[in-house]
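Structure first, then comments.
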Amino acid sequence: MTQRLEGTVALVTGASSGIGEATALALAAAGADVAIAARRVDRLQTLAEKIRATGPKVFVMEADITEPAQAAAIVAKTVSEFGRLDTLVNNAGLMLLGPIVGADPLEWDRMLRINVSALMNATSAALPHLLKAAEGAPRNVADIVNISSVAGRVARSGSGAYNATKWAVNAFSESLRQEVTRKHVRISLVEPGAVATELSGHNRPEIQAFIQQRFADMERLQADEIADAIAYIVTRPRHVAINEILIRPTEQEM
């Protein structure tokens, strides 16, 4: 049975493109009012126009959530605007690949800040509101969906630091799940394989070329297919928790 999300509020980070953008649209289509946060506010405004055209309310926030104060602020602003928070989708992420030997530790620091610290800080700020939402109408349940990766399951040469950040997300999510599941806050992991988004575009040119070559003969997933899985997770009945979904293209072996 699919539940609608009318009367609820969702916050999506990294919503200016890719999976975040598609997720905001999917949750709005299910009836939720949506707060969207990212650094590229022009893209958020375009997304907001699409959401408003479907009916739900939308709130745009320009933020760099690698800064702890800004990660907390997007939660506070969402609750101030809408009066509640029922769903947090921690989607903001960075994938910088390359060998560990000779790597630039500044790249590792950037990934740790956005993939791990920002997610943890946003989660910490959101939890009191999610716990409150889970105590009452309309759903008597709340959700955190953390976007991890197949890289959180399978370590590969050339992606060690990225692997480390996603394994951290998986461990944090499972520990938190055990803490709050009896209080009906569901913690879910979505682990995509190869998805056709802008994520690889932050890499150095030679790494981008390697990624393109690796997936050249593969039909990659689309962002809306991951968003569909996220919408499925948060529209389950109160007693059903989808703890983890691993989604690969059919042709992807690892």
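Can you name the helices of the chain, as whole DSSP H runs, whose Cα span along the helix axis is 15 Å or more and whose Kyte-Doolittle mean is not below -1.0?
18-29, 41-54, 68-82, 118-133, 160-180, 223-234
For the stretch 239-254 and the stretch 157-220, write down the distance between their C-alpha centroids in whole Å.
When both Cα centres are located, 12 Å separates them.
Where in the stretch 183-223 are there GluC sites (Glu not before Pro) that are in a DSSP coil and have at most 12 other Cβ atoms within 10 angstrom of their Cβ?
Of the GluC sites (Glu not before Pro), the ones in loops of the stretch 183-223 whose Cβ has at most 12 other Cβ atoms within 10 Å are Glu198, Glu219.
Hey, got a sec? Which trypsin sites (Lys or Arg not before Pro) in the stretch 72-181 land in a DSSP loop and have at most 13 other Cβ atoms within 10 Å?
Arg156
Determine the shape class of the stretch 31-95: with a ≥ b ≥ c the square roots of the Cα gyration tensor eigenvalues, call it rounded for a/c under 1.5, and otherwise prolate if a/b is greater than b/c, oblate otherwise.
Oblate shape, in that a/c is at least 1.5 and b/c is the bigger or equal ratio.
Where a number appears in this text, it was derived from the coordinates with a stated rule and is not lab data. Source: prediction; values computed, not measured. Here the Cβ is made from the backbone with ideal geometry for all residues, glycine too, and neighbour counts use every protein chain on show.
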